[in-house]
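Engineer: Starting off with a structure, shown below.
The values are calculated or read from the model by the stated rules, or taken from the named source; none is laboratory data. Not measured: the values here are computed from a predicted model. Reconstructed Cβ throughout: ideal geometry from the backbone, glycine too, with neighbour counts over all protein chains shown. Areas reflect the complete protein model, heavy atoms only, side chains present, ligands, DNA and RNA absent. Shrake-Rupley method; radii C 1.70, N 1.55, O 1.52, S 1.80 Å.
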Amino acid sequence: MKSVILCVILCLSLVLSGCSAGQAAPSATPSTAAEIDPTQAQSTELFAMDTVMTLTAYGPNADPALQAAAEEIRRLDKLLSISSEAGEILPLNQSGQGELSDETAALLQRALEVSRETGGLFDCTIGPVMDAWGFPTQNYQVPEGGLLQSLLARVDYSQVALSGHTVTLPEGVEIDLGGIAKGYTSDQIMDVFAQSGITSGIVSLGGNVQTLGRKPDGSLWRVGLQDPRDPDQTFAVVEVEDQAVITSGGYQRYFQEDGVTYHHIIDPRTGYPADSGIISATIVSADGTLADALSTALFIMGPEEAETFWQAHQDRFDAILMTDSGQILVTAGLAQRCQITTGDAVRVIQ
């Protein structure tokens, strides 16, 4: 994903600022717990799910918690990958029918629920169209219109039959949980942290940020949002506690052909990159899985539909949206916890 490492650096430099640690400490385990300063950060970095991930935890149990979290990430990467023979998704797509584990079946059920709630704008069967554009492999190309139309006939979450643990797919239909996998993974890391006795931590999974508790000094985490017009800069800082902050933007992965830019957020209704009037959609929610899916869906919806959707589901998430005209829309739940760092016009959605 383009600018992944940059996003990690930007986010962590903001969220760690103000802590007594100042920067991540080495992850070596001290000889006794008493020697560990509970305000000192310990961090680890790994590459999984095609992205750089940075995990940070505080306290005497930070090192074992980080090790356990890294193992959990590797497990989920293998389980949910669309290309791993050792996972559950590839065999299902190859055979068109299969028995899933409790965990994978539950995550697929969540994906189908969000697909229904968003009218299919988030669709876990979009994989064949993504493949045609070359985004999973980075072998980018603009598909021929006739091919896209034929592939769109295979993009329909309602064709997925899930009964208990048994899944049946029509011919040509494939499942891809990549649209919520990182959000689900960050949720699971928060559970690993909590079970390890961690009360203060933060993770950045390719720019998907999720927090546990507050910073050790008691203040809220401050997460910076990349400006889609200049990803080297931020356009807003949001303060959070026990929440995920997940953004979708066309600047994250794209290619150019014949002077036209094509980004990776595909509108399932057209098969082409979404052109909704939104150029950045950030979801803030205690539910990282939901936030991951909705960041895509609201980006595709456009400002008016996104506003209506939030008004109907405001108990579950908040949002910060930037339009292609430079206006920033902030839902009421974030109005007091969001600082806009540019001169753009801001409207609070009530």
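Engineer: Please go through segment 101-122 and give me each residue that is open to solvent by less than 30 Å² (accessible area, probe 1.4 Å) and within 16 Å of Gly288 (Cβ to Cβ), ordered by number.
Structural biologist: Of everything in segment 101-122, those that are open to solvent by less than 30 Å² (accessible area, probe 1.4 Å) and within 16 Å of Gly288 (Cβ to Cβ) turn out to be Leu107, Ala111, Val114, Phe122.
Engineer: Further question on the same structure: Return yes or no: is Val129 closer than 19 Å to Tyr272 by Cβ and open to solvent by less than 10 Å² (accessible area, probe 1.4 Å)?
Structural biologist: Against the criterion (closer than 19 Å to Tyr272 by Cβ and open to solvent by less than 10 Å² (accessible area, probe 1.4 Å)), Val129 qualifies.
Engineer: Continuing with the same structure: For residues that are in contact (Cβ under 8 Å) with a residue 12 or more places away in the chain and open to solvent by less than 40 Å² (accessible area, probe 1.4 Å), tally how many sit in segment 89-100.
Structural biologist: Residues of segment 89-100 in contact (Cβ under 8 Å) with a residue 12 or more places away in the chain: 89, 92-93, 96-100.
In the following step, the residues that additionally are open to solvent by less than 40 Å² (accessible area, probe 1.4 Å) were identified as 89, 92-93, 96, 98, 100.
Total meeting the criteria: 6.
Engineer: For segment 297-329, what are the residues that are assigned to a loop (DSSP other than H, G, I, E, B) and on the phi < 0 side of the Ramachandran plot?
Structural biologist: Within segment 297-329, Gln314, Asp315, Arg316, Phe317, Asp324, Ser325, Gln327 meet the criteria.
Engineer: Okay, moving on. Hey, among the residues in segment 248-261 that are over 20 Å from the mean Cα position of the chain (by Cα), in a strand (DSSP E or B) and not aliphatic (A, V, I, L, M), which one's nearest to Thr185 (Cα to Cα)?
Structural biologist: By that ranking, first place goes to Phe255.
Engineer: Given the criterion in contact with a strand residue (DSSP E or B) (Cβ under 7 Å, 6 or more places away or on another chain), of a type in the set (Asp, Glu) and more than 26 Å from Gln42 (Cα to Cα), identify the matching residue among Asp227, Asp242, Asp275, Asp258.
Structural biologist: After applying the criteria, what remains is Asp227.
Engineer: Scan segment 259-318 for residues that are buried (at least 22 other Cβ atoms within 10 Å of the Cβ), without any contact (Cβ under 8 Å) to a residue 40 or more places away in the chain and acidic (Asp, Glu) and report the count.
Structural biologist: 1
Engineer: Looking at segment 183-200, which of its residues are open to solvent by 20 Å² or more (accessible area, probe 1.4 Å), in a helix (DSSP H, G or I), in contact with a helix residue (DSSP H, G or I) (Cβ under 6 Å, 6 or more places away or on another chain) and not hydrophobic (A, V, I, L, M, F, W, C)? Outline the logic, then answer.
Structural biologist: At the first step, the residues of segment 183-200 found to be open to solvent by 20 Å² or more (accessible area, probe 1.4 Å) are 184, 187-188, 191-192, 194-197, 199.
Going one step further and asking which of them are in a helix (DSSP H, G or I), we end up with 184, 187-188, 191-192, 194-195.
Those left that are additionally in contact with a helix residue (DSSP H, G or I) (Cβ under 6 Å, 6 or more places away or on another chain): 184, 187-188, 192.
Answer for segment 183-200, where residues must be open to solvent by 20 Å² or more (accessible area, probe 1.4 Å), in a helix (DSSP H, G or I), in contact with a helix residue (DSSP H, G or I) (Cβ under 6 Å, 6 or more places away or on another chain) and not hydrophobic (A, V, I, L, M, F, W, C): Tyr184, Asp187, Gln188.
Engineer: Determine which member of the set Val237, Val203, Val245, Val223 is among the β-branched types (Val, Ile, Thr), outside any loop (DSSP other than H, G, I, E, B) and surrounded by fewer than 22 Cβ atoms within 10 Å (Cβ to Cβ).
Structural biologist: Values: Val203 fails: surrounded by fewer than 22 Cβ atoms within 10 Å (Cβ to Cβ); Val245 fails: surrounded by fewer than 22 Cβ atoms within 10 Å (Cβ to Cβ); Val223 fails: surrounded by fewer than 22 Cβ atoms within 10 Å (Cβ to Cβ).
Result of the check over Val237, Val203, Val245, Val223: Val237.
Engineer: If you go through segment 248-258 one residue at a time, how many are surrounded by 24 or more Cβ atoms within 10 Å (Cβ to Cβ) and among the aromatic types (Phe, Trp, Tyr)?
Structural biologist: Summing the residues that are surrounded by 24 or more Cβ atoms within 10 Å (Cβ to Cβ) and among the aromatic types (Phe, Trp, Tyr) in segment 248-258 gives 0.
Engineer: Pairs under 7 Å by beta carbon, first residue assigned to a helix (DSSP H, G or I) in segment 331-350, partner surrounded by 13 or more Cβ atoms within 10 Å (Cβ to Cβ) and of a type in the set (Asp, Glu), six or more apart or different chains?
Structural biologist: Here the result reads Gly333/Asp318; Leu334/Asp318, each pair linking segment 331-350 to a residue that is surrounded by 13 or more Cβ atoms within 10 Å (Cβ to Cβ) and of a type in the set (Asp, Glu).
Engineer: Additional query: I need the full set of residues from segment 117-152 which are β-branched (Val, Ile, Thr) and free of Cβ contacts under 8 Å to residues at least 60 places away in the same chain, in order please.
Structural biologist: Residues satisfying the conditions are Thr125, Thr137.
Engineer: Residue by residue through segment 61-76, note down the ones that are over 12 Å from Ile189 (Cα atoms) and in contact (Cβ under 8 Å) with a residue 60 or more places away in the chain.
Structural biologist: Our first condition is that a residue be over 12 Å from Ile189 (Cα atoms); within segment 61-76, this holds for 61-64.
Within segment 61-76, Asn61, Ala62, Pro64 qualify.
Engineer: Tell me the residue from Ala332, Ala274 that is on the phi < 0 side of the Ramachandran plot, in contact with a helix residue (DSSP H, G or I) (Cβ under 8 Å, 6 or more places away or on another chain) and of a type in the set (Gly, Ala, Ser), please.
Structural biologist: Numbers: Ala332 fails: in contact with a helix residue (DSSP H, G or I) (Cβ under 8 Å, 6 or more places away or on another chain).
On inspection, the qualifying residue turns out to be Ala274.
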